[in-house]
Amino acid sequence: MPDVVIPVLDEAGAIGGVVESMPDGYRAIVVDNGSNDDSAAIATAAGALVVHEPQRGFGAACWAGLQTAEAEVVCFMDGDGSLDPGDLPAVADPVIAGVQDLVMGRRVAERGAWPVHARVANRGLSFVLNRRSGSDLRDIGPMRAARRTDLLALGMTDRRFGWPLEMVVKAQAAGWRVAEVEVPYAEREGRSKVTGTVKGTLRAVRDMSRILAENRP
């Protein structure tokens, strides 16, 4: 069954519930990226394997988790309570069955869960990606699944906020079958370090724009 990589930075209010909600057989690998709260201790108590990654950055945390994972299929998701681990099988099952190579959760947001500035930025990046690749993706979402060995072979180098987009760009370039399934998206615990502010969103857009520039078709 899949390993689930969960990058965490100060998510003490949500991470325990996320880990405890893992579907049967799914192992949570929580990557603490320098939290100043009790995120790591709470995750450990809830049953997660906790990895400490001192290099700050979303991609750095995801990479550390991927290197720690041992399962054939690896999932990724946020640890802020916005996504339900119960939806992981819908994302992972097509990969486990060999029908898809990369499956992402297309977020269906409840009111107030997805700030307008973040939604607009995501839509713009999806548009550019689709125009370049001929795909029809609507979300560069954080919940996703792929085979571990295939992910390692992609040669992803971004260690910041460009990681999610780099995975998709390089997967498409490698001829992967990429698909989306809808997943509910709820209001998170606390304020996001990325989408919670316009500044954080612009920083993510800058990183992702660099990925697009470095990986032109």
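The values are calculated or read from the model by the stated rules, or taken from the named source; none is laboratory data. It should be emphasised that the depicted structure is a prediction, and the values quoted were computed from it without experimental measurement. Neighbour counts run over all protein chains shown; Cβ positions are idealised from the backbone, glycine included.
Side notes on the structure shown:
- In the set G57, G34, G25, G13, only one residue is in contact (Cβ under 8 Å) with a residue 40 or more places away in the chain and over 16 Å from the mean Cα position of the chain (by Cα); that residue is G13.
- The criterion of being of a type outside the set (D, E, K, R), surrounded by fewer than 18 Cβ atoms within 10 Å (Cβ to Cβ) and not in a strand (DSSP E or B) does not hold for A40.
- Scanning segment 56-82 for residues that are surrounded by fewer than 24 Cβ atoms within 10 Å (Cβ to Cβ) and in a loop (DSSP other than H, G, I, E, B) turns up R56, G57, A69, E70, A71, E72, D78, G81.
- Residue within segment 173-184 that is among the charged types (D, E, K, R), assigned to a loop (DSSP other than H, G, I, E, B) and modelled with pLDDT of 95 or more present: yes
- Residues that are more than 20 Å from V169 (Cβ to Cβ) and at pLDDT 80 or above within segment 95-115 comprise I96, A97, G98, V99, V108, A109, E110, R111, listed in sequence order.
- Restricting segment 43-54 to residues that are touching a residue at least 24 places away in the same chain (Cβ under 8 Å) and part of a helix (DSSP H, G or I) leaves a set whose member that is farthest from the chain's Cα centre (by Cα) is A45.
- Count - residues of segment 92-147 that are touching a residue at least 12 places away in the same chain (Cβ under 8 Å) and assigned to a loop (DSSP other than H, G, I, E, B): 16
- From the options V51, V4, residue that is over 12 Å from M143 (Cβ atoms) and not small (G, A, S): V51
- Residues considered: L137, L152. Of these, the only one that is surrounded by fewer than 22 Cβ atoms within 10 Å (Cβ to Cβ), of a type outside the set (D, E, K, R), more than 15 Å from the chain's Cα centre (by Cα) and under 17 Å from C62 (Cβ atoms) is L152.
- V18 vs. criteria surrounded by 24 or more Cβ atoms within 10 Å (Cβ to Cβ), in contact (Cβ under 8 Å) with a residue 60 or more places away in the chain, farther than 18 Å from M167 by Cβ and of a type in the set (A, V, I, L, M, F, W, C): yes
- Beta carbons closer than 6 Å, at least 6 apart along the sequence or on distinct chains, pair a first residue in segment 164-178 that is under 18 Å from C62 (Cβ atoms) with a second that is among the small types (G, A, S) and outside any strand (DSSP E or B) for V178/A171.
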